[in-house]
Amino acid sequence: MKAVRFHAKRDVRVEEVSAPSKPLEADELLVKPLVCGICGTDLHEYVGGPIVTPGKPHAYSGAVLPQILGHEFSAIVVDTGKDVHHVRPGDRITVQPLISPRDDYYGRRGLFHLSPCQACIGLSWQWGGMGELAVIKSYNAIPVPKSISDTQAAMIEPAAVALYALDRGRVVAGSSVLISGLGPIGALSLLGAKAAGASRIFVSEVNPNRAKKARELVPDCIVIDPRDPTWFEQIQDLTEDGVGVDAAIECVGAEKSLTACVDAVRRQGVVVQAGLHSAPATIDAMKWALKDLTVEATWCWPSYSFPRVASMIESGVLPVEKVMTSQIAMDDIVEKGFEKLLDPAGDEMKILVKVSES
């Protein structure tokens, strides 16, 4: 079968590999991936990996490079193990990609995303969403409504990341919010903040193409350029008594962006670190104390959030498909996928890969 595999830094190949052949375990499914998103984690692997892809057998999953990529994907169930009852062959699903123990400290508490030995489909599991077939666990398969498209179903995983950040930021009806950085998670956070009823949403973005995209997604959002020395005054002018926003969602993973979020929130505001930093960041802890801030750091999402996201998409309040800018073939993954997304002045935001037809 055809698959996109990561071998090493800037070495991603579309190759013919052996399809799954061993009998399914009782709690496993064989699925046919349909559409798969390129995630920022995939880009980090491409530019500087291996980072989380395993150079030696993974302690829990046993996976090792080369790795079939793809952890944001929709699929059709092909076959199931004998203990799988919530889906049947022919059903469409979205994939919750974390593989983790059900019985360790975190698993017993339902905090599967926090297990220290977790693996991830498409990063540290033998299979991934950018292959024509994949084997997953029963708990990875989340059924989706018929009215949700294959593309929308593939966007549930990144949308869950964004909604988790908003939840941790206490964003509710009437909140004022800053979204720092309009990459895919920032864009989905923007849509999620609007769906939550936020009354005033600011977006900080330097790329003019992405700034334009923010206005397309939520026309009444206020876009600011963080390079403008008056950026904070612009926020003050539009918040009550000039105190700043209730919450700031940091989606860049950069020190300057985090510092700006701390500056932008009011006293007793909430800063949520959603972007993943690739290097340590220096902070002004005294400012955090003087402002009596809550700083939340997020990792992934709770696994129970996927049906909630699906229902929001189905109802129309979370139009995740608007974040997609291109859909490409597997054969074009490097030139039209990774390289396009790495262009800092480019107009791509979210690129999805068409793996199979539903």
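The values are calculated or read from the model by the stated rules, or taken from the named source; none is laboratory data. If you're wondering where the values come from, they're calculated on a predicted model, not measured in any experiment. No Cβ is skipped: glycine too gets one built from the backbone with ideal geometry, and neighbour counts run over all protein chains shown.
Observations, loosely collected:
- Filtered residue count, region 89-137, keeping only those that are part of a loop (DSSP other than H, G, I, E, B) and either more than 25 Å from Leu43 (Cβ to Cβ) or of a type outside the set (D, E, K, R) (or both): 29
- Every test in (1) under 18 Å from the mean Cα position of the chain (by Cα); (2) closer than 29 Å to Asp167 by Cα; (3) of a type outside the set (Ser, Thr, Tyr) is passed by Glu314 save one, and that test is (1).
- You will find that of Ser147, Ser204, the residue that is hydroxyl-bearing (Ser, Thr, Tyr) and surrounded by 24 or more Cβ atoms within 10 Å (Cβ to Cβ) is Ser204 and no other.
- Failed condition for Leu43, given (1) closer than 27 Å to Ile313 by Cα; (2) out of contact with any helix residue (DSSP H, G or I) (no Cβ under 9 Å at 6 or more places or on another chain): (2)
- Odd one out for Ser326, checked against (1) surrounded by 17 or more Cβ atoms within 10 Å (Cβ to Cβ); (2) more than 14 Å from the chain's Cα centre (by Cα); (3) assigned to a helix (DSSP H, G or I); (4) not β-branched (Val, Ile, Thr): (3)
- If the condition is being under 15 Å from Val12 (Cα atoms) and either in contact (Cβ under 8 Å) with a residue 24 or more places away in the chain or not assigned by TED's automatic domain parsing to the domain that holds Glu132 (or both), then region 328-348 contributes Ala329, Met330, Asp331, Ile333, Val334, Gly337, Phe338, Leu341, Leu342.
- Scanning region 144-198 for residues that are assigned to a loop (DSSP other than H, G, I, E, B) and of a type in the set (Lys, Arg), we see that the one that is nearest to Leu352 (Cα to Cα) is Lys146.
- Residue that is surrounded by the fewest Cβ atoms within 10 Å (Cβ to Cβ) [pool: residues in region 99-135 that are within 19 Å of the chain's Cα centre (by Cα) and farther than 22 Å from Lys22 by Cβ]: Leu111
- Screening region 225-252 for residues that are within 26 Å of Leu43 (Cα to Cα) and not charged (D, E, K, R) and picking the one that is surrounded by the fewest Cβ atoms within 10 Å (Cβ to Cβ) gives Pro226.
- Filter result (basic (Lys, Arg) and either assigned to a strand (DSSP E or B) or out of contact with any helix residue (DSSP H, G or I) (no Cβ under 9 Å at 6 or more places or on another chain) (or both)) within region 1-40: Lys2, Arg5, Arg13, Lys22, Lys32
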